[in-house]
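Participant: Can you keep this structure in mind? I'll have questions shortly.
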Amino acid sequence: MARSFLSIMDVSHEELEYLLREAERIKNNNAPSKVLKGKVLAALFLKPSTRTRVSFEVAVRRLGGDLIFLRGDELQLARGEPLKDTARVLGRYVDGIIARVYRHEDLKILAEYSEVPVINALSDREHPCQALADMLTIKEKLGRLKGVTLAFVGDGNNVCHSLLLACSMLGVNIRVATPEGYEPAKEIVETALAVAPPKTEIQVLNSPEEAVKGADVVYTDVFVSMGDEAEADERLSVFLPRFQVNKKLLSLAKPGAIVMHCLPAHRGEEITEDVLEGKCSVVWDQAENRLPVQKALLSFLYG
Ligand code: CP
Ligand code: NVA
């Protein structure tokens, strides 16, 4: 089967480090590689996107390829054509599929039936391209990864899962703080523990204060992910006010700590306006880094 990137676990530790080095190289020396010349990729997005969609479209074009953007509601999928049939047909036309789906299982169906590389552009389970950009951002801002301590405060779902896996592979200490019942999946935590180098701290807590204390990086994500809208009121009442990244919580972090957010941000919910716009925030550089890491990923898969 063609090589896909559905999870951080789809690359080895060495490959992950290679991708980050390549991304840095691409960012600093934008040598015009045309690795995708003659290739046409499909971007199948079942949910909205700004960063992932645009950065992939730009990356594919800059690498000499072409991309067809497909909205789920405009395909026969919307009229009940099974995903596996859609995948089989797409695989006959295109050289790869970048997919944003609700169910992670659907990425596996796409990969199995299309027989072309599939890239996870976000599922309910993971957001591995985001984690690549996050690791590059930490490396750039703090000068290293190993031994850095990241506190993730919020919902233990997709973004948190990919961070847990990427951090543990690279020796970044990670403390996750979620309300009870919103912890990351047990299997992800077990995998993180299994791949982490000795002495890497991996903790799942229910106390944001404990997680943030002395941390180098404070990271948050929305409390209501795409697909969770029906639970919005309940979630906001569970997460707020305690799990909000605000000045008070941030004051517990290490002096000079950076604040990260995958975006889009909901000011006044998971993060306050002053923190998001404040001097510790690196969110725009973090968003910028989606482009070089995805160029590196595409070059790796198609090179
Ligand atoms: N962070 C991220 O994936 O943003 P989009 O939903 O805009 O793609
Ligand atoms: N956890 C968020 C991430 C968006 C980029 C969501 O799934 O909606």
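Participant: Select from the stretch 227-264 the residues that are of a type in the set (K, R) and either under 20 Å from the mean Cα position of the chain (by Cα) or in a loop (DSSP other than H, G, I, E, B) (or both) and list them in ascending order.
Facilitator: So the first thing to find is which residues in the stretch 227-264 are of a type in the set (K, R), and the list is 235, 242, 247-248, 254.
R242, K254, listed by residue number.
Participant: Only residues in the stretch 68-93 that are among the aromatic types (F, W, Y) count as the first member; pair them with residues that are open to solvent by less than 30 Å² (accessible area, probe 1.4 Å), Cβ under 6 angstrom, at least 6 apart or cross-chain, and list the lot.
Facilitator: From residues that are among the aromatic types (F, W, Y), the pairs are F69/A43.
Participant: Does S49 count as assigned to a loop (DSSP other than H, G, I, E, B), surrounded by 13 or more Cβ atoms within 10 Å (Cβ to Cβ), at pLDDT 95 or above and out of contact with any Ser or Thr (no Cβ under 9 Å at 6 or more places or on another chain)?
Facilitator: yes
Participant: State all residues of the stretch 248-277 that are of a type in the set (G, A, S) and away from ligand 1 (no atom under 16 Å from the Cβ); if no residue qualifies, say none. Before the answer, list the steps.
Facilitator: Start the filter on the stretch 248-277 by keeping residues that are of a type in the set (G, A, S), which leaves 251, 253, 256-257, 265, 268.
Across the stretch 248-277, the qualifying residues are S251, A253, G256, A257, G268.
Participant: Any idea which of S251, S207 is small (G, A, S), free of Cβ contacts under 8 Å to residues at least 60 places away in the same chain and open to solvent by 50 Å² or more (accessible area, probe 1.4 Å)? Explain how you work it out, then say what you get.
Facilitator: Working: S207 fails: open to solvent by 50 Å² or more (accessible area, probe 1.4 Å).
The conditions single out S251.
Participant: In the set S299, S225, S281, which member is in contact with a strand residue (DSSP E or B) (Cβ under 7 Å, 6 or more places away or on another chain), open to solvent by less than 60 Å² (accessible area, probe 1.4 Å) and either within 16 Å of ligand 2 (Cβ to nearest atom) or modelled with pLDDT of 95 or more (or both)? Spell out the reasoning first.
Facilitator: On the way: S299 fails: in contact with a strand residue (DSSP E or B) (Cβ under 7 Å, 6 or more places away or on another chain); S225 fails: in contact with a strand residue (DSSP E or B) (Cβ under 7 Å, 6 or more places away or on another chain).
Result: S281 is the single residue among S299, S225, S281 that is in contact with a strand residue (DSSP E or B) (Cβ under 7 Å, 6 or more places away or on another chain), open to solvent by less than 60 Å² (accessible area, probe 1.4 Å) and either within 16 Å of ligand 2 (Cβ to nearest atom) or modelled with pLDDT of 95 or more (or both).
Participant: Also, I was wondering about something else. Where the second residue is open to solvent by 50 Å² or more (accessible area, probe 1.4 Å) and modelled with pLDDT under 95 and the first is part of a loop (DSSP other than H, G, I, E, B) and lies in the stretch 21-40, which pairs have Cβ atoms under 6 Å and are six or more apart or on separate chains?
Facilitator: Close Cβ pairs (under 6 Å, with a partner that is open to solvent by 50 Å² or more (accessible area, probe 1.4 Å) and modelled with pLDDT under 95) amount to V35/G303.
Participant: What are the pairs, 6+ residues apart or on separate chains, where a residue within the stretch 98-123 that is at positive phi and open to solvent by less than 20 Å² (accessible area, probe 1.4 Å) has its Cβ under 6 Å from a residue that is within 16 Å of ligand 1 (Cβ to nearest atom) and modelled with pLDDT of 95 or more?
Facilitator: Listed pairs, sorted by first residue: L122/R100.
Participant: Please go through the stretch 58-88 and give me each residue that is open to solvent by less than 30 Å² (accessible area, probe 1.4 Å) and either assigned to a helix (DSSP H, G or I) or touching a Cys at 6+ places or on another chain (Cβ under 9 Å) (or both), ordered by number.
Facilitator: The answer is A59, V60, G72, L83, T86, A87.
Participant: Still on this structure, I have one more. Checking the conditions here, which among E126, E14 is at pLDDT 95 or above, on the phi < 0 side of the Ramachandran plot and open to solvent by 70 Å² or more (accessible area, probe 1.4 Å)? It would help to see each step written out before you state the result.
Facilitator: Numbers: E126 fails: open to solvent by 70 Å² or more (accessible area, probe 1.4 Å).
Being at pLDDT 95 or above, on the phi < 0 side of the Ramachandran plot and open to solvent by 70 Å² or more (accessible area, probe 1.4 Å) holds for just one of E126, E14, which is E14.
Participant: For the stretch 28-42, name all the residues that are surrounded by 15 or more Cβ atoms within 10 Å (Cβ to Cβ) and under 12 Å from L298 (Cβ atoms).
Facilitator: Looking only at the stretch 28-42, we keep the residues that are surrounded by 15 or more Cβ atoms within 10 Å (Cβ to Cβ), and these are 33, 35-36, 39, 41-42.
The answer is S33, V35, L36, K39, L41.
Participant: Just to verify a result, which residue in the stretch 265-303, among those that are free of Cβ contacts under 8 Å to residues at least 24 places away in the same chain and assigned to a helix (DSSP H, G or I), is nearest to A59 (Cα to Cα)?
Facilitator: Among residues in the stretch 265-303 that are free of Cβ contacts under 8 Å to residues at least 24 places away in the same chain and assigned to a helix (DSSP H, G or I), the one nearest to A59 (Cα to Cα) is E288.
Participant: Please work out if A215 is touching a Ser or Thr at 6+ places or on another chain (Cβ under 6 Å) and in a loop (DSSP other than H, G, I, E, B). Steps first, please.
Facilitator: Values: touching a Ser or Thr at 6+ places or on another chain (Cβ under 6 Å): yes; in a loop (DSSP other than H, G, I, E, B): yes.
Taking the combined requirement at face value, the residue satisfies it.
The values are calculated or read from the model by the stated rules, or taken from the named source; none is laboratory data. Since this is a predicted model, take the numbers as computed values, not measurements. Please note: Cβ atoms are built from the backbone with ideal geometry, for glycine as well, and neighbour counts cover all protein chains shown. Side chains included, ligands, DNA and RNA excluded: accessible areas come from the protein's heavy atoms. Shrake-Rupley method; radii C 1.70, N 1.55, O 1.52, S 1.80 Å.
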